[in-house]
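Colleague: Sharing a structure here in C-alpha cells format.
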Amino acid sequence: MKIAFYGTKPYDRIWFEPLAEHYGVTLTFLEAPCTMNTVELARGYEAVCIFINDNLNAALIGRLCEMGVQAILLRSAGFNHVDLKACRGRIRVLRVPSYSPEAVAEYAAALLLTVNRYTHRAYTRSRDFNLSINGLMGTDLHDKTAGIIGTGKIGQAMIDILRGFHMKILAYDLYPNPDLSVEYTDLDTLLEQSHVISLHCPLTKESHHIINGDAIQKMRDGAYIVNTSRGGLIDTSALIDGLLSRKIAGVGLDVYEEEDGLFYEDLSQEIIQDNTFARLMTFPNVLITSHMGFFTREAMQAIAVETLENAYALEHGLELKNEIRASD
C-alpha cells in the first residue's frame, strides 16, 4: 500500500519510517498539511495519513475519492476534523482509538500543578536571579473536589492520579460507565462544587462549548480549568471574561478552538493575527501548550504501530476494528 503522509514532523519519521518495511507499506512524507492546494499530491496513493490539524471537509474528501484514494488513516483518537458523512460509502476512515491515556492524563495533571503553583513563572524568575516568591502563592489540592468531564480511558487515568492527591472526585459523562467506581453527577452540580474542572470528552455537537459563559457563572469562585481534549469544548471569549472577573483562578490549556495554523508551527518571528489567542496569552494565570499531551515515546510508538496495523488490515481484507463511520 502506498500512503501519502501529510503534515510530517521530524518526530513522525523517527517512529513511522522503521516500521514501513515490516508492514509492507510505502510512505511518502509530506511536510504540508492536506488542503485543496496539496491534495493532488495524493494522486496514485491508496491512502492518506493525517493528523488533527488536517481538516478534511466534504470538498477535500470528494477530491480524494475522485483520485481513487481508498482510506483516510488518522494518527489520532479524535476524528472531529473529518466530515464522516461525506466519507460514507466512499472512503474508509480508521483511527487510533487509544495509544497512551496515561500520557495525556499525566500531562493534564502537570498543567494543573504548574498553573496552580506557578512553577513556570518561578522558573523564569529564577533564570533572571529574581528569587522572590511574592505573587506565586497556590492552593492545596488535598481534600479539594475535582470535576472530571468525560470518563473514558483518559478521564479514568486522570481520576486515578487525582485520587493520589486525596481529592474528592465528581464525574459527568453522557454515557456513564457502570463499572467505574466514581460518583457521577449532573453537569450543574459538578460545576458548582468542583475546585478543579478537567475536560476529557470528545468534541461533539453536544459538548461544543460545554464550558461557556453560563457554565463559568455556575462555577465556584477561584476554580481551575484544565483542557487537554479539544479546544472547541471551551468558549474562549467566555473564558477570558471569567479570567478578567477573577471568577477563574487559573487555566491550563493544551488545546485551543482556533489552533489550526498556530499549533505545531514556529511563529516566533511572526505577528499573531488571532487577537483572542494573543489576549489569552497575556494572563499570568494561564498556561498554554501546543497540543502535546500525547507526546511521549510510548505514545508515539503506539500511534505508529496502530496506524500501520490499520493499513495492513485494510490491504489484506482483515477486520477493521478501528474503522469509524458517520452515525445515522
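Colleague: Charges at C-beta only: +1 for Lys and Arg, -1 for Asp and Glu. How large is the resulting dipole of the chain about its Cα centre, in Debye rounded to 20?
Modeller: So the dipole magnitude of the chain works out to roughly 280 debye.
Colleague: Sort 51-60, 37-46, 171-180 for me by packing, meaning the mean count of neighbouring Cβ atoms within 10 Å per residue, highest on top.
Modeller: The densest-packed peptide leads the list: 51-60, 37-46, 171-180.
Colleague: Right, next: Given contacts defined as C-alpha pairs under 8 Å and at least six residues apart, what's the relative contact order of the chain, whole-number percent?
Modeller: About 18 percent, as a whole number.
Colleague: Further, regarding this structure: Calculate the all-directions average of the projected area of the stretch 34-116's alpha-carbon convex hull, and give it in nm².
Modeller: 6.5
Colleague: Sorted from largest down, what three extents in whole angstroms do the Cα atoms of the stretch 214-272 have along their principal axes?
Modeller: 38, 22, 16
Colleague: For the chain, state the semi-axes of the equivalent ellipsoid (square roots of 5 times the eigenvalues of the alpha-carbon gyration tensor), sorted largest first and rounded to whole angstrom.
Modeller: 36, 22, 19
Colleague: Ok, one more. Rounded to the nearest 20 debye, what is the charge dipole size of the stretch 178-303 about its Cα centre when +1 sits on each Lys and Arg Cβ and -1 on each Asp and Glu Cβ?
Modeller: 340
Colleague: Right, here's the next one. Mind ranking 20-30, 217-227, 145-155, 275-285 by how tightly packed they are, going by the mean number of other C-beta atoms within 10 angstrom, highest first?
Modeller: Peptide ranking by packing, descending: 145-155, 217-227, 20-30, 275-285.
Colleague: When ranked by the protection proxy of mean other Cβ atoms within 10 Å per residue, highest first, what sequence do the peptides 86-97, 71-82 form?
Modeller: Going by the mean number of other Cβ atoms within 10 Å, highest first, we get 71-82, 86-97.
Colleague: I would also like to ask the following. In the stretch 140-208, what percent of the accessible surface is made up of carbon and sulfur (1.4 Å probe, ligands and nucleic acids excluded)?
Modeller: Here it works out to 51 percent.
Colleague: How many angstrom lie between the C-alpha centres of the stretch 21-82 and the stretch 236-272?
Modeller: 28
Colleague: Evaluate the Debye formula for the stretch 101-249 with equal point scatterers sitting on the alpha carbons, no solvent, and hand back log10 of I(q)/I(0) at q = 0.11, 0.18, 0.20 Å⁻¹, in q order, two decimals.
Modeller: For the requested q values the scattering log ratios are -0.42, -1.07, -1.29.
Colleague: Can you list the aspartates and glutamates whose alpha carbon is less than 16 Å from that of K9, not counting same-chain residues fewer than 8 positions off?
Modeller: E17, E31, D54, D260, E265, D266
Colleague: What is the ratio of the Cα radius of gyration of the stretch 1-69 to 2.2 N^0.38 Å, with N the residue count, to two decimals?
Modeller: 1.08
Colleague: Toward the positive end of the charge dipole of the stretch 6-86, about the Cα centre and with charges on Cβ (Lys, Arg +1; Asp, Glu -1), which of L27, M67, N53 goes farthest?
Modeller: Final value for the positive-end residue is N53.
Colleague: What is the set of long-range amide H partners of I288 at a cut-off below 5 Å, with H atoms built 1.01 Å from backbone N?
Modeller: Long-range HN contacts for I288: L253.
Colleague: Please compute the per residue accessible area over the stretch 171-328 with all protein chains in place, 1.4 Å probe, rounded to a whole number of Å².
Modeller: It amounts to 52 Å² per residue over the stretch 171-328.
Colleague: Can I ask one more? Is it possible to state the helix-based mean residue ellipticity at 222 nm for the chain, with each DSSP H run of 4+ residues giving -39500 (n - 2.57), the sum divided by total residues, to the nearest 500 deg cm²/dmol? What is it?
Modeller: Computed mean residue ellipticity for the chain: -10000 deg cm²/dmol.
Colleague: Can you give the translational diffusion coefficient of the stretch 249-323 in µm²/s, computed by Stokes-Einstein from the Kirkwood radius over Cα pairs at 20 °C and 1.002 mPa s?
Modeller: Once the numbers are plugged in, D ends up at 138 µm²/s.
The values are calculated or read from the model by the stated rules, or taken from the named source; none is laboratory data. Here the structure is a predicted model, which means the values were calculated and not measured. As a convention, Cβ positions derive from the backbone with ideal geometry for all residues, glycine included, and neighbour counts pool all protein chains shown. Remember, those area values only see protein heavy atoms, side chains included, never the ligands or the DNA or RNA. Shrake-Rupley method; radii C 1.70, N 1.55, O 1.52, S 1.80 Å.
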